Amino acid sequence: MSIWEVIIISLIKILLIVVLMLLTVAYLVYFERKISAWIQNRKGPNRVGWHGLLQPFADVFKLLLKEDIVPEKANKALHTLAPFIALFVAFATYAVIPIGPTIELFGYKINLVVADVNIGVLYVLALTSLGVYGITFAGWSSGSKYSLLGGVRSSAQMISYEVSMGFSIAGVLLLSQSLSPTKIVEAQYGWMWNAILQPIGFITFVVSAFAETNRLPFDLPEAEPELVGGYHTEYSSFKFAGFFLAEYANMIIASMMITTLYLGGYQIPYIDKLGLNQTLTVLLQVGAFLFKTAFMLFFFMWVRWSIPRFRYDQLMNLGWKVMFPLSLLNIVWVAVLIMVFRL
Amino acid sequence: MNYYDILFYLFAIITLVSAGFVVTTRNVIYSAFFLLFTFFGVAGIYVLLAADFLAVVQIMVYVGGILILLLFGVMLTNKITNVDIRTGTSNLLPASIAIGLLMGALVSAMIYTGWKVQPASEIPDTSIKNLGALLITDYLLIFELLGILLLIALIGAASIARRDKE
């Protein structure tokens, strides 16, 4: 393939992902509200469209039509830039997540991943560590103490939980002997899912993912009773929508990462033994990936509406004194798996 | 010029221009902000040199860690004490002599080092494997010593932070 073909194919993939992401995020908000209503025995949004299905579009228009307010004491440039950093980080991460195996289309071999890089997992870690910037800049540039406190809390939380997240991933890397997400998925053939082989690492990773995405029970950065709205207190209109979008996009990334690293990615156990034709297999596998991701997303919402928020010291204690040692223990367990059971 | 050249100059320009802003801008926050682009530009050049691992580590350590700490220091002190920290210039002569010497040393090191030149086709797909092997064989002692050094720094920081409580 010439370089232009590579560029065009990548652009098509990127466009597809962006459009899909925007739609998914819009409907995630809808499902969040429906699921919360269901859990709290209410009806949820049901006015706009059939069963409220057009609600996301109403929300988007409402946000876009609002007045964009920049506080007088704010640092204008950084205040505007912050939501875009958050969005950039959220979308750039999708580049390395494989949603299916390699397919052949119009004579081209196409990987169902935008960039199949050797160090994909590290790339995701590096980009999520950039996510702190959007939040820190937002908190600082707003010129409000609530925003600043929210921003500081959020950064401290993300940095703390990144440690146990990194160590949980180390277990996965040891077993698959590669940093490429595609290879990690391939290594989880059959029922050799990492969630089954290393349950402790799975739990620490999921908990860290909750903390990294600032979701309940770890949503202290925007704890309403204490901090008004946290780092996005002073944001309105489109910029607020940016943070909102980034938060949900991060949730999707977290679900996709959990699926890729621990739930076998697009693998369906022993599907190749059934002797289905190739197109059907690929379609089923992409479907399996989306299903697993959707399940994790549901899990995120389920937890949010079931568990109360931690206190800040509890959050830090949990991160450093429970999750971090547990993730170390997981590495020892993986070492045992490799040395004793020869996996 | 092929694509690699164009990309190289792009990253080089990003690095140099943002580094220029880092030293010339008067606001410390903006300095830190432009430093972000400098680190990115360097990471981009690492990628072009097929040092993928180094590039990601550059972002993780410098952008994700060190710069965040820097920003925290500047932002918190700047806001809480309500003092605008601004940079100025002083001691121009000794500074330029010192920088000139350092620059000379760096340039001579660059010229006299026997760089390893390798055709692009012979570069392995990923540098992690070789790096990992080197770290636990040839450079094991340095690797372990660095680990101990970091541990000492960590304990030191914790003990300094705790002293006030007594």
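The numbers here are math on the coordinates, done by the rules we state, and not lab data. Source: prediction; values computed, not measured. All Cβ positions, even for glycine, are placed from backbone atoms using ideal geometry, and neighbour counts span all protein chains on display.
Quick check for me: using +1 on Lys/Arg Cβ and -1 on Asp/Glu Cβ, what's the dipole size of the protein assembly as shown about its Cα centre, in debye to the nearest 20?
So the magnitude is around 1060 debye.
Give me the distance in nm between label points sitting 7 Å out from Cα along the Cα-to-Cβ direction at A:Val336 and A:Phe299, one decimal.
2.3
Let's see if you can work this out: charge +1 on each Lys and Arg Cβ, -1 on each Asp and Glu Cβ, no other charges. What is the dipole magnitude of the range B:1-141 about its Cα centre, in debye to the nearest 20?
460
I'd like the orientation of helix A:237-262 relative to chain A: the angle between its Cα long axis and the longest Cα principal axis, in ° from 0 to 90, rounded to 10.
Approximately 20 degrees, to the nearest ten.
What length, rounded to one decimal in nm, is gained on full extension from A:Ala37 through to A:Asp313, with 0.36 nm per residue of separation minus their alpha-carbon distance?
Full extension from A:Ala37 to A:Asp313 adds 96.3 nm.
Place a +1 charge on the Cβ of each Lys and Arg in the range A:70-340 and a -1 charge on the Cβ of each Asp and Glu, then give the dipole magnitude about the Cα centre in debye, rounded to the nearest 20.
Dipole size: approximately 120 debye.
Which parts of the range A:22-37 would a label at A:Leu64 reach, counting a residue when its backbone N lies under 19 Å from a point 7 Å out along Cα-to-Cβ?
Within reach of a label on A:Leu64: A:22-30.
Using a Förster distance of 60 angstrom, determine the FRET efficiency expected from the C-beta separation of A:Ser2 and B:Ala98, and round it to 0.05.
Between A:Ser2 and B:Ala98 the formula returns 0.75.
Find which of A:Phe300, A:Leu280, A:Phe341 sits farthest along the positive direction of the dipole of the range A:242-343, computed with +1 on the beta-carbon of Lys and Arg, -1 on that of Asp and Glu, about the Cα centre.
A:Phe341
Say we join alpha carbon atoms closer than 10 Å with springs in a Gaussian network model of chain A; which of A:Phe61, A:Phe167, A:Phe238 then has the biggest fluctuation?
Comparing A:Phe61, A:Phe167, A:Phe238 in a Gaussian network model of chain A, the most mobile one is A:Phe61.
Angle check, please: helix A:145-176 long axis (alpha carbons) against the longest principal axis of chain A (alpha carbons), in degrees 0 to 90, nearest 10.
Result, in degrees: 0.
Under 5 Å between amide hydrogens, which residues at least 5 positions from A:Gly264 or on another chain qualify, with H placed 1.01 Å from N in the peptide plane?
A:Asn194, A:Ala195
Work out the charge dipole of the range B:125-166 with +1 on the Cβ of Lys and Arg and -1 on the Cβ of Asp and Glu about the Cα centre, then indicate which of B:Leu140, B:Ala153, B:Asn130 is farthest towards its positive end.
Farthest towards the positive end: B:Ala153.
Once both axes come from the Cα atoms, what is the angle between helix A:55-65 and the longest principal axis of chain A, in degrees from 0 to 90, rounded to 10?
Roughly 50 degrees, rounded to the nearest 10.
Taking the Cβ of each residue in A:Lys62, B:Lys116 as the centre, tally the other Cβ atoms inside 10 Å and list the residues starting with the fewest.
Details: A:Lys62 11, B:Lys116 5.
Going from sparsest to densest Cβ surroundings: B:Lys116, A:Lys62.
Please give the FRET efficiency for B:Ala157 paired with B:Ser108, using the beta carbon to beta carbon distance and R0 = 30 Å, rounded to the nearest 0.05.
Working from the Cβ atoms, E equals 0.25.
In whole angstrom, how far apart do the alpha carbon centroids of the range A:88-153 and the range B:32-69 sit?
15
For chain A, with a Gaussian network of springs between Cα atoms less than 10 Å apart, report the residue from A:Pro45, A:Pro83, A:Pro181 with the top mean-square fluctuation.
Greatest mean-square fluctuation among the candidates belongs to A:Pro45.
For the residue pair A:Asp116 and A:Leu11, what label-to-label distance in nm results when each label sits 7 Å from Cα along the Cα-to-beta-carbon direction?
Computed distance between label sites A:Asp116 and A:Leu11 equals 2.3 nm.
Averaged over its residues, how many other protein chain Cβ atoms are within 10 Å of peptide A:114-122's Cβ atoms?
Details: counts 0, 0, 0, 4, 8, 8, 1, 1, 8.
Mean partner-chain Cβ count within 10 Å for A:114-122: 3.
Check which residues have an amide H placed less than 5 Å from A:Ile110's amide H, if you skip close sequence neighbours.
The answer is A:Ile103, A:Glu104, A:Leu105.
When only Cα pairs under 8 Å and 6 or more residues apart are kept, what is the percent relative contact order across the range B:1-87? Mind dumping the intermediate values first?
Values: 72 pairs, mean separation 26.2, N = 87.
With pairs under 8 Å counted, the relative contact order is 30 percent.
Using a basic spin-label model with each label point 7 Å from the Cα along Cα→Cβ, how many nm lie between B:Leu145 and B:Gln118?
2.6
For the pairs A:Lys109/B:Lys116; A:Lys239/A:Lys321; A:Lys183/A:Lys292; A:Lys183/A:Lys273, note any where the Cα-Cα span goes beyond 27 Å. Display every interim value, and only then the final one.
Numbers: A:Lys109/B:Lys116 35 Å; A:Lys239/A:Lys321 37 Å; A:Lys183/A:Lys292 18 Å; A:Lys183/A:Lys273 20 Å.
Violating the 27 Å limit, Cα to Cα: A:Lys109/B:Lys116; A:Lys239/A:Lys321.
So, R0 is 56 Å and r is the distance between the beta-carbons of A:Asn46 and B:Tyr4; what FRET efficiency does that work out to, to 0.05?
Efficiency, rounded to the nearest 0.05: 0.50.
Mind checking which of A:Gly100, A:Gly275, A:Gly171 has the largest fluctuation in a GNM of chain A, springs on alpha carbons under 10 Å?
Maximum among the listed residues: A:Gly275.
Are there trypsin sites (Lys or Arg not before Pro) in the range A:73-160 that DSSP marks as loop and that have at most 13 other Cβ atoms within 10 Å, and which are they?
A:Lys73
At 18 angstrom or more along the helix axis (alpha-carbon based) and mean Kyte-Doolittle of 0.5 or higher, what helices does chain B contain? Whole DSSP H runs only.
Answer set is B:3-24, B:28-48, B:67-80, B:92-112, B:140-162.
Just name one of A:Ser10, A:Leu23, A:Asn41: the one whose Cα is farthest towards the positive end of the charge dipole of the range A:1-64 (beta-carbon charges, Lys/Arg +1, Asp/Glu -1).
A:Asn41
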